[in-house]
Amino acid sequence: MQRKHPLDIKMLVKEMVNEIQKGTLADESGKLPSEYTLMSHYNVSRYALRQALGQLGDMGYIYQSHGIGSFVRPKRRDTVMNLQNDTELTEELARPGRVITTVAACQCIVSAADADFLPENHDLPAGERLIEIKRQRTLDGEPYLIEQSYYLQSVAEEIPEESLYDSVFKYFELKKNIKVGFIDKIISSEPLSDWGASFFQLPAGAPTLVVRDDSFLSSGKLLAFSKICYDYRKAELFMFKKNY
């Protein structure tokens, strides 16, 4: 069925990923419909569709065979998160029907000098005011991650309490018209803090998988930096490399 209103490229990518995850977009061999069929289905231009197909390829969902067409890559396990996906964690994990829930959250104002960590390769004045957010999140009711984030107050201004239990970046985009341009990620491991150990029911000092996110506006201005610690027994991360 053709859609009444065309999708922008970002929403087109999300919709196509949803259909890929559900197994409703490709045929039995994994081949996607023709460009003409997809353009009609989504009510989009050829340019928008090709941009979306390029992004899906970069994100590891499809591959394109010259002269033959586009194919869906083999499905990954539902527990695996794609680090190259540009969607929120909640959306990434919810697509296979799983539920990620914030069970505890708090925020306060601190200076950069008092932050527990700072962004990689980015100097902040000691007096820079930051909104510190701490969250504990479960996946299908089981402890999954703890998150500590800092948002530049000069950019974010304020963050409503209800957004702590949903998506902070979604609040920025919908209410503040603040959009993330790019995110730098660093993966490491470190000993688990008492706060995390209590939540994961692990000994303090046990290893934890850490993903550091530094989020920037398209102008290159820093918006936020985060440290997300996963229960190493449950977290699986995915990336892929294209050889041109």
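The values are calculated or read from the model by the stated rules, or taken from the named source; none is laboratory data. Computed from a prediction, not measured in an experiment: that's the story for all the values here. Don't worry about glycine lacking a Cβ; one is built from the backbone with ideal geometry, like all the others, and counts go over all protein chains shown. Surface areas here come from the heavy atoms of the whole protein model, side chains and all, with no ligands, DNA or RNA. Shrake-Rupley method; radii C 1.70, N 1.55, O 1.52, S 1.80 Å.
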Please find, in a Gaussian network model of the chain (springs between Cα atoms separated by less than 10 Å), the residue of Ser111, Ser29, Ser167 whose mean-square fluctuation is greatest.
-> Ser29
Got a number for the accessible area of Glu147? Probe 1.4 Å, square angstrom, nearest 10.
-> 20
In this structure, the FRET efficiency calculated for Thr102 and Glu19 from their beta-carbon separation, with R0 = 35 Å, to the nearest 0.05, is 0.80
Ranking Asp184, Asp194 from most to least accessible area with a 1.4 Å probe gives Asp194, Asp184
In the chain, carbon and sulfur make up what percent of the accessible area (probe 1.4 Å)?
-> 50
Which trypsin sites (Lys or Arg not before Pro) does region 178-214 hold that lie in a coil by DSSP with at most 15 other beta carbons within 10 Å?
-> Lys179
For an R0 of 35 angstrom, estimate the FRET efficiency from the Cβ-Cβ distance between Ala113 and Met11 and round to the nearest 0.05.
-> 0.30
Of Arg73, Arg233, ordered by accessible area with the largest first and a 1.4 Å probe, the sequence is Arg233, Arg73
Averaging sequence separations of C-alpha pairs under 8 Å and six or more residues apart, then dividing by the length of the chain, give the relative contact order as a whole percent.
-> 15
Which FRET efficiency value, to the nearest 0.05, is calculated for Glu158 and Ser188 with the Förster distance at 41 angstrom and r the Cβ-Cβ distance?
-> 0.85
If the chain between Arg129 and Ala204 were fully stretched, how many nm would it gain, using 0.36 nm times the residue separation less the Cα-Cα distance?
-> 24.0 nm
Accessible area per residue in Å² at 1.4 Å probe, computed on the chain = 55
Where does the Debye-calculated log10 I(q)/I(0) of region 173-244 sit at q = 0.15 Å⁻¹, using only Cα point scatterers of equal weight, no solvent?
-> -0.68
Filtered hits (lysines, Cα-Cα < 17 Å from Lys31, offset >= 8 within chain) -> Lys22, Lys75
Mind computing the radius of gyration and Dmax over the alpha-carbon atoms of region 91-244? Å is fine for both.
-> 15.8, 47
